[in-house]
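Undergrad: Got a structure for you, written out below as structure tokens; questions coming shortly.
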Amino acid sequence: MVDVSTPTKWLLRLVAVGYVFFLVAWPVGLVVQQTFSNGLTNLTDALSDEQVIGALQLTLMVALWAVVINLVFGVGISLLLVRFEFPGKRVLSALIDLPLSVSPVVVGLALLLVYNGRDGWIGPAAESRGLQIIFDSPGMIMATCFVALPLIIREVVPVLHEIGDDQEQAARSLGASTRQTFWRITLPSIKWAVVYGVVLSLARSLGEFGAVKIVSGNITGQTQTATLVVEAKYQNFQQETAYATSFLLIVVSIAALVVVAFLRPKRAH
Amino acid sequence: MTSALIGASAAAGPASPEGRRPRRVRRTTPHNTLTRGAGLGLGVAMIWFSLLVLIPLTAVIAAAGQGGWSGYFDVLRNDQTWAAVTLTVSQALVVTLVNIVIGSIIAWVLVRDDFWGKRLLDVIIDVPFALPTIVAGLVLLSLYGPNSPLGLHWAFTPNAVTLALAFVTLPFIVRTVQPVLEELEADVEEAAASLGASRATIVRRIILPSLAPAIAAGAALSFARAISEYGSLVLLSGNRPFQTEVVSVRVLTFIENGNNQSAAALASIMLAVALVVIVALDVVQRRVARRG
Amino acid sequence: MSIDVSGVTKKFGDFVALDDVSVSLPTGQLTALLGPSGGGKSTLLRIIAGLDRADTGTVSIEGTDATRLPAQKRNVGFVFQHYAVFKHMTVAKNVAFGLEIRKRPKAEIEHRVDELLKLVHLSQFSHRLPSQLSGGQRQRMALARALAVEPKVLLLDEPFGALDAKVRKELRDWLRRLHDEVHVTTVFVTHDQEEALEVADEIVVINEGRVEQIGSPDQLYDEPANDFVMGFLGEVTQLGDIRLRPHDIEVSATPGSAGALSGRITRLLRVGFEVRLTVSTAGGEVTVVLTRTHARQLGLVEGSHVWLTAASGATTVPAMVAV
């Protein structure tokens, strides 16, 4: 290993720590500090504001639905991509990653074009059957699903590759059915990957802003999520409430990070 | 001797496929090994994936195509849109360059250095990934906005755009370079040293070339994210036309004005950039895999 | 003397890797550092190369004190167990690396690289990437790379340890021939006694951070300094109060000679041309090896009664007191 000379080492350390401190640590710290600038008042005020409460409930509902859908879809697609061969597999596996690099605004626009009730491709037909998608929770769930789509798959696929299918074949040779093999062999070995994926998806889903802003219509008290409330409150000069709501979102996302950091086993060298 | 046996079998593993690699024949018709249950599952998954991703993205391209080439041209010819495009692209490039340097340094420090608080630094790097973008904007306002304890008033200036993009793209290069740096074998550097290479030469001729694909991959992701960023800019940049307005905001303005065709035209350009990035990443990864 | 190591001690935390080791390795020879894994032999090699620093003691190479010299300045060639190839460079570029560092003229580098690739039989692979080579080829490339800078000494750390048995044997013979051609002072680390006995001019046996014995392969085999060396170089069994090799025991079916130890054959195993006996005696179990023909002549079967004596001229060491 190259061991850098001591002055260089300190310089690099200073650059790394300094950059992260000024860009991330200090600003986040300031928001936390401002949340508690009046003791707990900001938080309790925010938590007694019906607009905030409603938004938090809606956010949680949308995020949970999105995570459940992505969990089923993600684990299923991962198994299909790793354990089976079929035409178009490579294209599919490349397309799966697409949502990570599509702008949330483009996601919102794309869903709007297809599902709006006025001139969308599918929207009017759905609405005539009583299913409103845009400006309602189904659209918000879809937008959230879209942006968080690859997160579980990206965690599970490498693990499935790594464990190989020896154990599954052994189980089958011992007489286990496909279902038994999945629940008793495959799932336990990808368990932690699924957990990281879910935690990351949850953090992403609770925090989605741009795509949800477009498809929800941002109707106060009806389709306004926590992130939209932060924007609205800040722009309405209710900054204390904006800070307090942000603080709650920061706590959730940092908790997610800590959970993943602790759960993820150290890479073996 | 057991260690000899382990050594031999470990070497036999990688050696044999590598020997074959140059002559490997690509299958032209992939096998189909789907069982009935798996086929059904794939069908359901594909319907959902189409409804969620493929059809909506196609709709963007279709809507953009309604105006034909002249539609694209008109959108880009609009001064305000063009200003947004140049601002976004130039800021994304600046931020990506900063990330290439700083991200590599942070990855180096995380892997090769050891000091009190390193673990904390490692966790903080991921904060921009986990934080909702609107909160990211708010967070940056607290240090760089009107009430800045540093006396900086960067809100609503182009600096604010740089800042927001740097914040949300911080983890990309760090997280792509870090694992590659961890996997670099110490003996390769020792071999170079025993051949007379100085530290600087080892970094330049051995370490950096090994990290280059990871840096390129991280840079591509960072660039793609930067040009598509929206949420963190809302509160911070003020979206002032010709000064701090980025492409995403332009798209949103078009949507709010009911001008879906222009929105789609601009959005489809962003989509194309995203696609280029994905293809580039795939190419880089294949190259690296061949290097072994 | 080409390499003089004196009084070298090296600790990793509480673990003593080398404990006051002194060795002198003569110029132009092929020396093996032999010992069990974790015994300190690789650490000694790395200290000679300057890749590790000794806590105390000195190292001199070709008469100049190298104790404080960084690896870059020692002009030693080092070959690693896992090849340590520069993956992003072609085979030719790998070999040229040390020469380019030394800023030699281009034409000279090209000429030298050609010459070396010919020497290691890799000429036709010069434009390949290392990932397109087999393990044995990669190790030959690594060797050419180390030789390119005309090092004063060539150090190899378990060079064949990661290769499969067949390639290992080929490369071992090839290394011996190469050394006879190039004559550079060479030290290689191995835990395989057969490899050391077959290839080396001289063997240094290292165990638990100490030098157990230094000598030629014959000396070590015939006159082991102690029980450990004897045990490490080949199979050992205990007959009464001496320890000796199983094939140095004479078996007789009748109680002839005086002092013979009597016992009963509890297990008889035929392996190729030899027969291995496990004989249960009053002093415990004894392993005996004899040829198939000899066993047949004696009419040995499981359960036979036999009398065992040490063959005349057998290498023996006194048995250590049982713990």
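Derivation of every value follows stated rules applied to the coordinates shown; laboratory data play no part. Just so we're clear, the structure is a prediction, and the values are computed from it rather than from any experiment. Neighbour counts run over all protein chains shown; Cβ positions are idealised from the backbone, glycine included.
Undergrad: May I ask you to work out the translational diffusion coefficient for the protein assembly as shown at 10 °C, viscosity 1.306 mPa s, via Stokes-Einstein with Rh from the Kirkwood sum over Cα pairs, reported in whole µm²/s? Working shown, then result.
TA: Values: Rh = 32.4 Å.
D, rounded to a whole number, is 49 µm²/s.
Undergrad: Still on this structure, I have one more. Over what distance in Å are the Cα centres of region A:191-269 and region C:248-289 separated?
TA: 79
Undergrad: Taking 8 Å as the Cα distance limit and 6 or more residues as the minimum spacing, I'd like the relative contact order of chain B as a percentage.
TA: Numbers: 287 pairs, mean separation 80.3, N = 292.
Value for chain B: 27 percent.
Undergrad: Note down the Stokes-Einstein diffusion coefficient of region A:154-269 in µm²/s, whole number, using a Kirkwood radius over alpha carbon pairs, 25 °C, and 0.890 mPa s.
TA: Details: Rh = 17.4 Å.
For the chosen part, D equals 141 µm²/s.
Undergrad: In whole angstrom, note down how far apart the Cα centers of region C:209-225 and region C:29-45 are.
TA: Their Cα centres are 13 Å away from one another.
Undergrad: Take each of the peptides C:255-265, A:105-115, average the number of other beta-carbon atoms within 10 Å over its residues, and list them starting from the highest. Mind dumping the intermediate values first?
TA: Values: C:255-265: 13.5, A:105-115: 28.7.
Result, highest mean Cβ count within 10 Å first: A:105-115, C:255-265.
Undergrad: How would you rank A:27-37, B:51-61, A:176-186, highest first, on the average number of other Cβ atoms within 10 Å across their residues?
TA: On the way: A:27-37: 18.3, B:51-61: 20.5, A:176-186: 14.5.
With the highest mean Cβ count within 10 Å placed first, the list reads B:51-61, A:27-37, A:176-186.
Undergrad: Could I ask something else about it? Considering only DSSP beta bridges where both residues belong to chain C, give the percentage that are antiparallel (nearest 5). Present the calculation step by step, with values, prior to reporting the outcome.
TA: Details: 49 of 67 bridges.
Here the antiparallel bridges make up roughly 75 percent for chain C.
Undergrad: I would also like to ask the following. Positive end of the charge dipole of the protein assembly as shown (Lys, Arg +1 and Asp, Glu -1 on Cβ, about the Cα centre): tell me which of B:Ala38, B:Asn260, A:Thr220 has its Cα farthest that way.
TA: Going by the charge dipole, the pick is B:Asn260.
Undergrad: Same structure again: Using the charge dipole of region C:178-272 (Lys, Arg: +1 at Cβ; Asp, Glu: -1 at Cβ; taken about the Cα centre), state which of C:Pro255, C:Pro217, C:Ile203 has its Cα farthest towards the positive end.
TA: The residue sitting farthest along the positive end of the dipole is C:Pro255.
Undergrad: Calculate, in nm to one decimal, what A:Trp121 and A:Trp26 gain on full extension: separation in residues at 0.36 nm each, minus their alpha carbon distance. Can you show the working numbers first?
TA: Values: separation 95, 0.36 × 95 = 34.20 nm, distance 4.69 nm.
Length difference between fully extended and current span is 29.5 nm.
Undergrad: Take every residue in peptide A:193-203, count the Cβ atoms of other chains within 10 Å of its Cβ, and give the average of those counts. The partial results should precede the final answer.
TA: Numbers: counts 0, 0, 0, 0, 0, 0, 1, 3, 0, 0, 5.
Taking the mean over all residues of the peptide, I get 1.
Undergrad: For C:Lys73 paired with B:Phe242, estimate the spin-label separation in nm (one decimal), with each label point 7 Å from Cα along the Cα-to-Cβ line.
TA: About 6.4 nm, to one decimal.
Undergrad: Oh, and also: To the nearest 20 Debye, how big is the dipole of region A:142-269 about its Cα centre, given +1 on the beta carbon of each Lys and Arg and -1 on that of each Asp and Glu? Could you put the intermediate results ahead of the total?
TA: Working: 11 positive and 8 negative charges, 39 e Å.
Result for region A:142-269 is approximately 180 debye, rounded to the nearest 20.
Undergrad: In nm, to one decimal, how far is the modelled label at C:Gln297 from the one at A:Thr44, with both set 7 Å along Cα→Cβ?
TA: My value for the distance between the label points is 10.5 nm.
Undergrad: Also, quick follow-up: For region C:240-304, build the convex hull from the C-alpha positions and give me its volume per residue in Å³. Provide the component values of the computation, followed by the final result.
TA: Values: hull volume 5.5 nm³, N = 65.
With only Cα atoms used, region C:240-304 gives 84 Å³ per residue.
Undergrad: Also: Using only the Cα atoms of region B:58-291, each taken as one equal point scatterer with no solvent, compute I(q) by the Debye sum, divide by I(0), and report log10 of the ratio at q = 0.12, 0.17, 0.18 Å⁻¹.
TA: -0.77, -1.22, -1.30
Undergrad: Let me ask you something else. With each label point set 7 Å from Cα along the Cα-Cβ vector, what nm distance links C:Leu119 and A:Ser5?
TA: Between C:Leu119 and A:Ser5, the simple spin-label model gives 3.4 nm.
Undergrad: Would you mind estimating how fast region B:173-224 diffuses translationally, via Stokes-Einstein at 4 °C and 1.567 mPa s with the Kirkwood radius over Cα pairs, in µm²/s? It would help to have the intermediate numbers written out before the result.
TA: Working: Rh = 11.7 Å.
It diffuses with D of about 111 µm²/s by this estimate.
Undergrad: With a Förster radius of 35 Å, plug the Cβ-Cβ distance of A:Val72 and B:Ala212 into 1/(1 + (r/R0)^6) and report the FRET value to the nearest 0.05.
TA: Details: r = 39 Å, r/R0 = 1.11.
It comes to 0.35.
Undergrad: Determine the dipole magnitude for chain A: charges of +1 sit on the beta-carbon of Lys and Arg, -1 on that of Asp and Glu, nothing else is charged, the reference point is the Cα centre, and the result goes in debye to the nearest 20. Please list the in-between numbers first.
TA: Values: 18 positive and 17 negative charges, 152 e Å.
Charge dipole of chain A: 720 debye, to the nearest 20.
Undergrad: Related question: Test of understanding: extend the Cα→C-beta vector of C:Thr266 to 7 Å, then name every residue of region C:301-317 with backbone N under 18 Å from that spot.
TA: C:301-308
Undergrad: In whole Å and largest first, what semi-axes does the C-alpha gyration tensor of region B:37-114 yield when each eigenvalue is scaled by 5 and square-rooted?
TA: Working: eigenvalues 263, 196, 7 Å².
Equivalent ellipsoid of region B:37-114: 36, 31, 6 Å, largest first.
Undergrad: If you don't mind, another one. Looking only at region A:174-210, which residues have a backbone nitrogen under 20 Å from a spot 7 Å from the Cα of A:Leu64 in the C-beta direction?
TA: Within reach of a label on A:Leu64, which here means backbone N under 20 Å from a point 7 Å along Cα→Cβ, region A:174-210 contributes A:195-208.
Undergrad: What FRET efficiency do you get for B:Asn78 and A:Ala94 if R0 is 35 Å and r is their Cβ-Cβ distance, rounded to the nearest 0.05? Please report the intermediate quantities before stating the final value.
TA: Working: r = 33 Å, r/R0 = 0.95.
Computed FRET efficiency for B:Asn78 and A:Ala94 comes out at 0.60.
Undergrad: Quick check on chain C: helices-only [θ] at 222 nm, where DSSP H runs of length 4 and up contribute -39,500 (n - 2.57) each and the sum goes over total residues. Nearest 500, please. Walk me through the numbers before you get to the answer.
TA: On the way: 9 runs with 93 residues, N = 323.
Counting only the DSSP helices, I get -8500 deg cm²/dmol.
Undergrad: Set the Förster radius R0 to 41 Å, insert the Cβ-Cβ distance between C:Lys166 and C:Asp14 as r into 1/(1 + (r/R0)^6), and round the FRET efficiency to 0.05.
TA: Working: r = 41 Å, r/R0 = 0.99.
It comes to 0.50.
Undergrad: Is there a simple number for the mean count of other chain Cβ atoms within 10 Å of the Cβ of residues in A:245-258, and what is it?
TA: Values: counts 3, 9, 2, 1, 6, 8, 0, 3, 8, 6, 1, 3, 8, 3.
Mean partner-chain Cβ count within 10 Å for A:245-258: 4.
Undergrad: Size of the dipole of the protein assembly as shown about the Cα centre, Lys and Arg at +1 and Asp and Glu at -1 on the beta carbon, nothing else charged, in debye to 20?
TA: Its charge dipole is roughly 2140 debye.
Undergrad: Kindly identify region B:141-217 as rounded, prolate or oblate by the Cα gyration tensor criterion: order the square roots of the eigenvalues as a ≥ b ≥ c, call it rounded if a/c is under 1.5, otherwise compare a/b with b/c, prolate if a/b is larger, else oblate. Numbers along the way, then the final one.
TA: Numbers: a/c = 4.02, a/b = 2.93, b/c = 1.37.
Judged from the Cα gyration tensor, region B:141-217 comes out prolate (a/c at least 1.5, a/b above b/c).
Undergrad: May I ask you to sort A:Thr59, B:Thr201 by Cβ crowding, counting other Cβ atoms within 10 Å and putting the fewest first? Write down the numbers at each step before the final one.
TA: Details: A:Thr59 27, B:Thr201 18.
If I rank by nearby Cβ atoms, fewest first, I get B:Thr201, A:Thr59.
Undergrad: For chain C, what does the relative contact order come out to in percent, with C-alpha contacts under 8 Å and a separation of six or more?
TA: 18
Undergrad: Quick one: grab the alpha carbon gyration tensor of chain A, order the square roots of its eigenvalues as a ≥ b ≥ c, and give me rounded if a/c is under 1.5, else prolate or oblate depending on whether a/b is larger than b/c. Don't skip to the end; give the middle numbers.
TA: Numbers: a/c = 2.01, a/b = 1.13, b/c = 1.77.
Cα axes put chain A in the oblate bin.
Undergrad: May I ask for the Rg/Rh ratio of region A:79-133, computed from Cα atoms with Rh as the Kirkwood radius, given to two decimals? Provide the component values of the computation, followed by the final result.
TA: Working: Rg = 15.8 Å, Rh = 13.5 Å.
Dividing the radius of gyration by the Kirkwood radius yields 1.17.
Undergrad: While we're on this one: Given C:Val79, C:Gly240, C:Thr185, which one lies farthest toward the positive end of the charge dipole of chain C, if we put +1 on the Cβ of every Lys and Arg and -1 on the Cβ of every Asp and Glu?
TA: Value computed over the given set: C:Val79.
Undergrad: Please compute the Cα-Cα pair-distance distribution of chain C with 20 Å bins starting at 0, giving whole percents from short to long.
TA: Calculated P(r), rounded to whole percents: 28, 45, 23, 4.
Undergrad: Inside 10 Å of the C-beta atoms of B:265-277, what's the mean count of C-beta atoms belonging to other chains? Provide the component values of the computation, followed by the final result.
TA: Working: counts 0, 3, 9, 2, 1, 6, 6, 0, 3, 8, 5, 1, 3.
Average neighbour count from other chains, rounded to a whole number: 4.
Undergrad: Which whole-number percent gives the relative contact order of region A:52-155, counting Cα pairs below 8 Å spaced six or more residues apart? Present the calculation step by step, with values, prior to reporting the outcome.
TA: Working: 86 pairs, mean separation 37.7, N = 104.
Once divided by the residue count of region A:52-155, the mean separation gives 36 percent.
Undergrad: What is the Cα centroid distance between region C:167-208 and region B:57-110, reported in whole angstrom?
TA: Here the two parts' Cα centres lie 61 Å apart.
Undergrad: Taking the mean number of other Cβ atoms within 10 Å as a proxy for protection, how do you rank B:221-234, C:75-88, C:103-116 from highest to lowest?
TA: Final packing ranking: B:221-234, C:75-88, C:103-116.
Undergrad: Still on this structure: With a/c under 1.5 counting as rounded, go ahead and sort region C:158-264 into rounded, prolate or oblate using the C-alpha gyration tensor (a ≥ b ≥ c being the square roots of the eigenvalues; past the cut-off, prolate if a/b is larger than b/c, else oblate).
TA: Working: a/c = 2.76, a/b = 2.18, b/c = 1.27.
Because a/c hits 1.5 or more and a/b exceeds b/c, region C:158-264 counts as prolate.
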